[in-house]
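Here's the structure we're looking at; comments come further down.
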Amino acid sequence: MTTKDKKTDNSWDRRKNLSPDKENLPADKPELKRPEFVKDDRLSWDDFFMEVALTTAKRTACIFHKIASVFVDQNHRIVSVGYNGGSVGDYHCNEVGCAKVHGDPVTGEIRKCRGAHSEINAIVNSGDTTRLRGSTLYITTFPCNDCMKILNNLGVTRIVYYEEYFRIDDGSDGTKRKAEPEARELAEKRGIILEKYQKSES
């Protein structure tokens, strides 16, 4: 572009005026200093999804186990969420007591747990179980043996849990509990990754 062309080309003048050169800054306006940005100042994925699970667990009506499950796919997207509690139309334990501890609200007879576990409810809520294959399960309490068998069949590849699970003995006062080592044994046999949740250091 010739000198003559530059004088007649207003767009060239505008581009020149947009130059970030210090000499183009007004004399009375000091140069702005960029702030320092911290890349890792937000929740990790594990922290985020476990927070979702812990919050969801507050919805349960069970008086002994506050458990929630969050299934997450390989792209860090939540596929389904569920929490433990009585099936549709049945009693809520926080209203009539635990069937295993306090018995039937009418007869007082000790009965089996009326609740559906959080894993099962989350699987039902998914609408399509094939979406759970290869997923990670974030759960507030380690799965029981029955649920672990289903998780294995689903093809869940990783389980991040907040605390261990101990099943309440039928007819006890709720303090007598026992572990279910078969659940962990099955997961390890099938190569499912098991991780006890550890909050990331800030």
Out of LYS196, LYS189, sole residue that is over 28 Å from ARG111 (Cα atoms), open to solvent by 60 Å² or more (accessible area, probe 1.4 Å) and free of Cβ contacts under 8 Å to residues at least 12 places away in the same chain: LYS189
Got at least one residue in the stretch 63-75 being more than 30 Å from ASP173 (Cα to Cα), touching a strand residue (DSSP E or B) at 6+ places or on another chain (Cβ under 9 Å) and either part of a loop (DSSP other than H, G, I, E, B) or modelled with pLDDT under 95 (or both)? yes
Counted residues in the stretch 102-135 being in contact (Cβ under 8 Å) with a residue 60 or more places away in the chain and buried (at least 18 other Cβ atoms within 10 Å of the Cβ) come to 3
Taking the stretch 172-202 only, how many residues are farther than 26 Å from VAL101 by Cα and basic (Lys, Arg)? 5
Given (1) in contact with a helix residue (DSSP H, G or I) (Cβ under 8 Å, 6 or more places away or on another chain); (2) open to solvent by 70 Å² or more (accessible area, probe 1.4 Å); (3) not basic (Lys, Arg), GLU201 misses just (1)
Test result for GLU163, touching a Cys at 6+ places or on another chain (Cβ under 8 Å) and closer than 30 Å to ARG42 by Cβ: no
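Quick grid of which residues meet (1) touching a residue at least 24 places away in the same chain (Cβ under 8 Å); (2) out of contact with any His (no Cβ under 8 Å at 6 or more places or on another chain); (3) loosely packed, with under 15 Cβ neighbours inside 10 Å:
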position	(1), (2), (3)
LYS58	no, yes, yes
LYS66	yes, yes, no
GLN74	yes, yes, yes
VAL81	yes, yes, no
ASN84	yes, no, no
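The values are calculated or read from the model by the stated rules, or taken from the named source; none is laboratory data. Everything quoted here is computed from the prediction, not taken from an experiment. Heads up, the Cβs are rebuilt from the backbone with ideal geometry, glycines too, and the neighbour counts pull from every protein chain shown. Side chains are part of the model used for accessible areas, which takes the heavy atoms of the whole protein and leaves out ligands, DNA and RNA. Shrake-Rupley method; radii C 1.70, N 1.55, O 1.52, S 1.80 Å.
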